[in-house]
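The values are calculated or read from the model by the stated rules, or taken from the named source; none is laboratory data. Remember, predicted model here, so these are calculated numbers, not experimental data. Cβ: placed from backbone, ideal geometry, glycine included. Neighbour counts: every protein chain shown. Surface areas here come from the heavy atoms of the whole protein model, side chains and all, with no ligands, DNA or RNA. Shrake-Rupley method; radii C 1.70, N 1.55, O 1.52, S 1.80 Å.
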Amino acid sequence: MGEWNNTRIVVNGKHVEHWLNGKKILEFERWTPEWQKLRDSGKWKDAPDYGLAKAGRIVLQDHGSVFWFRNIKVRPIQ
C-alpha cells in the first residue's frame, strides 16, 4: 500500500502475457478449447460472446477497492 505497481499486458495475436513489476504472472492463448472451457466455467459463463472479439475497447475496472491509474499507454504491436 502506498506504492505504485508497474503492469504490462502484451497481446500478440492469440498470445497474451501479463507482467507485474517486471515478473510474468500470467500467460495464455486466446480462443483455444482450454480457454473456452475456463471461460465457460467462470463468471462469464452466462455471457456467451465475452472474449470473442478480435478488436474493441479497453476497459479499466476495480473490484470494490479504491484505485488510481497513471501513465497509461496503449500501443499497437507492429
* Structure fact -> Being among the charged types (D, E, K, R) and in contact with an Asp or Glu (Cβ under 8 Å, 6 or more places away or on another chain) narrows GLU27, GLU3 down to just GLU27
* To do: Determine the pairs where a residue that is over 16 Å from ALA53 (Cβ atoms) and outside any loop (DSSP other than H, G, I, E, B), located within segment 5-29, has a partner that is open to solvent by less than 60 Å² (accessible area, probe 1.4 Å) and among the aliphatic types (A, V, I, L, M) with Cβ atoms under 6 Å apart, the partner being 6 or more residues away or on another chain.
  => GLU17/VAL10; PHE28/VAL16
* Asked: If you check every pair at least six apart or on different chains, which have Cβ atoms under 8 Å apart with a residue in segment 54-78 that is at pLDDT below 85 first and a residue that is surrounded by 10 or more Cβ atoms within 10 Å (Cβ to Cβ) second?
  -> ILE77/VAL10; ILE77/VAL11
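Would you check which residues across segment 32-47 are among the aliphatic types (A, V, I, L, M) and in contact with a strand residue (DSSP E or B) (Cβ under 9 Å, 6 or more places away or on another chain) and list them?
Passing the criteria: only LEU38.
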* Structure fact -> A careful count of residues in segment 30-62 that are assigned to a loop (DSSP other than H, G, I, E, B), surrounded by 10 or more Cβ atoms within 10 Å (Cβ to Cβ) and of a type in the set (Asp, Glu) gives 0
